[in-house]
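First the structure, in the form of structure tokens, and then the observations on it.
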Amino acid sequence: QEVTLKMGHAAASTHIFHTGLEIFARKVDEKTDGNVKIEVYGDRQLGDDKQLLEGIQIGLIDGALVSSATLPLVLGAASFDALQQPFTVSSYEQLSAVLTSDLGDELLATLDEKNIKGVGFVDAGLRHFLSKDKPVTSLADMKGLKTRIVPIPLHKAIWETIGVNPIGMAYGEVYSALETGTIDAVEINVSSIKSESLYNAAKQVTLTGHYFWPGVIMISNAAWEKMSDADKAAVEAAGKEATTEAYALAASQDAETVAFLEANGVTINKLSDLDDLKALTASVVTTWQGKDPMIAKFTDAFAAGQ
Amino acid sequence: MTLYLLSFLGFLIIGIPVAFSLGLSSIAYLIVNGQMHLMIGFPQKMIAGIDNFVLLTIPFFILAGNLMNSADLTRQIVRFAQMLVGRVRGGLAAVNVIASMMFSGVSGAATAEASAIGSVMIPAMKRDGYKPEYAAAVTAAGSILGPLVPPSLALILYGVLTGTSIADLFLAGIFPAFALCAGLLVYALIKARREDHPLPPEVPADERASLALKAVPALLLPVIIVGGIRSGVFTPTEAAAVAVVYALAVGLLLYRTLDARKIFSSFYEAATMTAGVMLIVAMASMTSFILGIENIPREIAAQMLNISSTPWVLILLLNLVLLLLGLFLEPLAALVLVMPILNEIFPLLGIDRVQFGVMVVLNLMIGMITPPVGLCLFIVSAIGRTPLERVAVAILPMIGIALVILALVAFVPFLTLSLPALFPG
Amino acid sequence: MTAFHLVFRTGLKALLVMLMATLLTVMTAQVIMRYGFNSSLLWSEELCRYLLIWCSFLAMVFAFERGEIAALSILADSLPRVPALALAIVGGVLSAAMCGALAWYGYLYAKLVGSQPIPAISFILGDIFGSSAPAAPTVFWVYFALPLGMMLLGLRIAINIVHYLRAWADGRTLQDLAASHGGPGQ
Ligand code: NA
Ligand code: NA
């Protein structure tokens, strides 16, 4: 039978989260012969990440694409910290391959007990370091900078280890806080620096590439159970293909975006002692490997592929 | 949707509070459309509506205003305004307007302004023989200066919802505020000549220096706030907390008029006033959700584009929609409701985000002084113990003045954009 | 007013003042820590939002009493005594029923989505106790403010309905009632 699912995300409709969901929608349409239709709602029309997750749980919305970073805190899905262990993944291709393997399925299956069906991933992009006007080229330059981070335990541990001064601040205030110097820096992906026009407020990007920013494509159990078994299998296959395609897209966008930023007066820096940074944060990875067996499985898989 | 609107108006007319009317209409909508399974989303939308860091400015700006008022700052400002105005016919009305302008640097919300200035000025004007409805109307009209001058809750909310620099918005509101203030002054003085309003008492010469000195703290706060934000000491949201600390310091150390009891009741009253605003914001969030389900924002935007795609016509239409909403809704709730429509249309307007923000905020503030639902009107008619209908008639010419200023803001970029250009970030 | 009533009201007022004072302290501390000491309270923004939720919902009952929840009184003012009272009763019953429904659904909602520990409190406990920190209360307790606030508000409106009924019985008008109780439309 035919079903239409409304799926939301919290990014702008120009963001790769939107494109990624649209890729997923197109593939679902093809593979289910039009039985399952997906409507994509961007610009927080269905709510921010937290509201989207709650909306799926209470059956208010059918599905969403939500940053994996919010899952451990909001859903208690601790295994998703596996995807943001610093410097464990070598490339978009590698992450995409692992996410579409059996291990990726195993991770998505941890959502089953939350009454959520996870079907795929879209990545917002590798995270780097944006600072206001001081070029950051060494670990010493980073020390003590007031840096906005997402206030979750994993990121807190990483950035305290690195030695910045982590600031918790609502995303909406970041632009103005960078502009006025309330904060010195923010850890972020280049596509957001472009889409949020942050390059008008801060001019120095250091390509640290500390972790990726995967989003998880989820469907509520209520909506999932409306589908026939054949359609379920087709949607899962669509999710895998969409993951591969969205990761390839993310990988190809980064270089263009960096060129755009340079053309708009941003200086692109490299960290001279990046290896020291990697060594420094390895302790965080060890701690987190001990917290959840799934995290160790992922870091092993990443290490094996390098 | 027609059902929603009609039931809302029905509930409103039989005297059910605005906030409850919004909520009841939402429930009626869900029942009639057989969508009661979405009812579990109602509390979620209510909490999500309040769970917003920018809204933290509401209790603090209200509290700062309450504290300044308890610390007797309002009376000091009024006396200082009296000194400036001097012995002019209709002087007290002019004093009211000027005091409102000065108090706007302390308060972030028009309601706080209406109750603070109103509690001092309306009884004083009545004693001097002014008609109560006129005293109340001048106060209400002056109160909308509050959100145009920093600090301003509505401008902060707009800035965050649209990603516009809040410091720029703060600077942009200042000239329009002066223009509105001038307009109201001229009106008060002309009316005074025509209706032979009384002369105010003279301020003794030996008091002048101390009066000027005591008014300084009020005049200084906007400078501290804009300066503090521009230099990165605090965020616009945190500025509200800074304003409270400042008010406490002025009241405890400078005026020495605050005591534990006054502070306690200021905090308590700020909490209840905040709750009143939050209830309506929470209910409007559910309304907004239902509008979204019905795709209303996109439809309204499409309808407007059907009528015309000329920017100035669109701006005019947009102002009409906003004024219409403002008749019934509290500005913050209205802002939550219209933001999706604004986002659809904004790129076609060819207007600066900062200018646009001041326009939207002034527009919604006019809604605070129009019947049937205008919180500032309610406040001043309660203080003046005079019927709402009479105040609503007395304020009409002043609404006209505000509309003229609104048109200037909408179509003369210089008025809003020159100050931000002068002090770039 | 009974002794219980008085203690309850005073306690609730004191709680509201405390919530406001905590909000102010946390936000001011954040400015001082960040600007003065180049340090930061990572959890402050989240904690402040939750305090605001509690403060708002708990204060709604007093906001209603103080007439800060705006309503039109034009129709009620122009009607004769009995129809005006009848209208007030209808409005009161509808409002109270809505508050009751929201309290119920709010409780369900809090139960459904509130199972995780409150992140901000976990951070604070972690900062204090390190790895041996006790578990933080769950998000249920953040959202519980809504059913609690709505229930208090609904009860307060129900008390008003009782007053309307009494006034109907003993010949007083809505205006008499407003003057003696400071009820809605005061
Ligand atoms: Na102001
Ligand atoms: Na109005």
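FYI, it's all coordinate maths here, none of it is from the lab. Keep in mind that what you see is a predicted model, and the values were worked out from it rather than measured. Positions of Cβ are backbone-derived with ideal geometry, glycine not excepted, and every protein chain shown enters the neighbour counts.
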Cut-off 15 Å between beta-carbons: net charge of the residues surrounding C:I118, Lys and Arg +1, Asp and Glu -1: -3
Spelling out what I want: for every residue of the range C:97-105, take phi, set θ = phi - 60°, compute 6.51 cos²θ - 1.76 cosθ + 1.60 (Karplus), and round to whole Hz; glycine and proline get x. 4, 4, 4, x, 4, 5, 4, 5, 5
Placed amide H near A:G63: partners under 5 Å, 5+ positions off or other chain: A:K6, A:G8, A:S220
Among B:K45/B:K262; A:K226/C:K111; A:K194/A:K291, which pairs are too far apart, with a Cα-Cα distance over 31 Å? B:K45/B:K262; A:K194/A:K291
Rounded to the nearest 20 debye, what is the charge dipole size of the range C:3-181 about its Cα centre when +1 sits on each Lys and Arg Cβ and -1 on each Asp and Glu Cβ? 220
If r is the Cβ-Cβ distance from C:F129 to B:R193 and R0 is 45 Å, what FRET efficiency results, to the nearest 0.05? 0.05
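To the nearest 0.05, what FRET efficiency results for A:E93 and A:K134 with a Förster distance of 45 Å applied to their C-beta separation?
0.85
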What FRET efficiency do you get for C:R9 and C:A179 if R0 is 22 Å and r is their Cβ-Cβ distance, rounded to the nearest 0.05? 0.55
Tally Lys and Arg at +1 and Asp and Glu at -1 over the other residues with C-beta under 14 Å from the C-beta of B:Y130: what net charge comes out? +4
Determine the dipole magnitude for chain B: charges of +1 sit on the beta-carbon of Lys and Arg, -1 on that of Asp and Glu, nothing else is charged, the reference point is the Cα centre, and the result goes in debye to the nearest 20. 820
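How many Cβ atoms of partner chains, on average, are near each residue of B:234-244 if near means within 10 Å of its Cβ? Present the calculation step by step, with values, prior to reporting the outcome.
Details: counts 10, 14, 5, 8, 11, 1, 2, 10, 3, 0, 5.
For peptide B:234-244, the averaged partner shielding equals 6.
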Partner shielding of A:161-173, as the mean number of partner chain Cβ atoms within 10 Å, equals 5
Give the long-range amide H neighbours of A:D273: residues separated by 5 or more places, or on another chain, with amide H under 5 Å away, using H modelled in the peptide plane at 1.01 Å from N. A:L139
Average partner coverage of B:15-28, which counts Cβ from other chains inside 10 Å: 6
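Placing unit charges on C-beta atoms (Lys and Arg positive, Asp and Glu negative, everything else neutral), compute the dipole magnitude of the protein assembly as shown about its Cα centre in debye, rounded to 20. Don't skip to the end; give the middle numbers.
Details: 56 positive and 69 negative charges, 702 e Å.
In total the dipole reaches around 3380 debye.
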Skipping prolines and chain starts, which residues have an amide H placed within reach, meaning under 5 Å, of the one on A:F129, given they are 5 or more residues away or on another chain? A:I188, A:T206, A:T208, A:G209
Relative to a virtual label point 7 Å from the Cα of B:A421 in the Cα→beta-carbon direction, which members of the range B:276-315 show backbone nitrogen distances below 11 Å? none
Helix A:293-305: angle to the longest alpha-carbon principal axis of chain A, degrees 0 to 90, nearest 10? 70
Compute the distance from the alpha-carbon center of the range B:188-236 to that of the range C:43-105, in whole Å. 36
Output ³J(HN,Hα) for the range B:61-77: one whole-Hz value per residue in order, computed from phi by the Karplus curve 6.51 cos²θ - 1.76 cosθ + 1.60 with θ = phi - 60°, and x for Gly and Pro. 5, 5, 5, 4, x, 4, 5, 4, 5, 5, 7, 6, 5, 4, 5, 4, 4
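Kindly provide the trypsin sites (Lys or Arg not before Pro) of the range B:1-88 that DSSP labels as loop, not H, G, I, E or B, and whose Cβ sees at most 14 other Cβ atoms within 10 Å. Write out the running numbers ahead of the final one.
Working: sites: B:K45, B:R75, B:R79, B:R87; in loops: B:R87.
In loop regions of the range B:1-88 (DSSP not H, G, I, E or B), the sparsely surrounded trypsin sites (Lys or Arg not before Pro) are B:R87.
Would you calculate a helix-derived [θ] at 222 nm for the protein assembly as shown, using -39,500 (n - 2.57) for each DSSP H run of n ≥ 4 and dividing by the full residue count, to the nearest 500?
On the way: 43 runs with 597 residues, N = 917.
Using -39500 (n - 2.57) per qualifying helix, the result is -21000 deg cm²/dmol.
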Which of the lysines could be linked to A:K143 by a straight reach, that is with a Cα gap under 19 Å, when you skip same-chain ones fewer than 8 residues away? A:K132, A:K134, A:K156, A:K203, A:K270, A:K278
Between the range B:70-101 and the range B:249-307, the alpha-carbon center distance in angstrom: 28
Got a sec to turn the phi values of the range B:117-124 into Karplus ³J(HN,Hα) couplings, 6.51 cos²θ - 1.76 cosθ + 1.60 with θ = phi - 60°, whole Hz, x for Gly and Pro? 5, x, 5, 8, 7, 5, x, 5
Which distance in Å, rounded to a whole number, links the C-alpha centroids of the range A:62-106 and the range A:134-211? 22
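Remind me, relative contact order of the range B:279-388 in percent, using alpha carbon pairs under 8 angstrom and six or more residues apart?
Numbers: 102 pairs, mean separation 34.7, N = 110.
Averaging sequence separation for qualifying contacts and normalising by length gives 32 percent for the range B:279-388.
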For helix A:229-263, report the angle its Cα long axis makes with the longest principal axis of the Cα atoms of chain A; keep it between 0 and 90° and round to the nearest 10°. 20
So for the range B:35-422, averaging the separation of alpha carbon pairs under 8 Å that are six or more residues apart and normalising by length, what relative contact order in percent results? 27
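What GluC sites (Glu not before Pro) in the range A:179-257 are in a loop by DSSP, with at most 12 other Cβ atoms within 10 Å of the Cβ?
On the way: sites: A:E179, A:E187, A:E196, A:E225, A:E236, A:E241, A:E245, A:E256; in loops: A:E196, A:E225.
Sparse-neighbourhood loop GluC sites (Glu not before Pro): A:E225.
How high is the relative contact order of chain C? Use alpha-carbon pairs under 8 Å, at least six apart in sequence, and give a whole percent.
Values: 179 pairs, mean separation 51.8, N = 186.
Value for chain C: 28 percent.
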Add +1 for every Lys or Arg and -1 for every Asp or Glu among the other residues with Cβ under 15 Å from the Cβ of B:H197, and state the total. +4
In degrees between 0 and 90, to the nearest 10, how far off the longest principal axis of chain B does helix B:396-411 point, with axes built from Cα atoms? 70
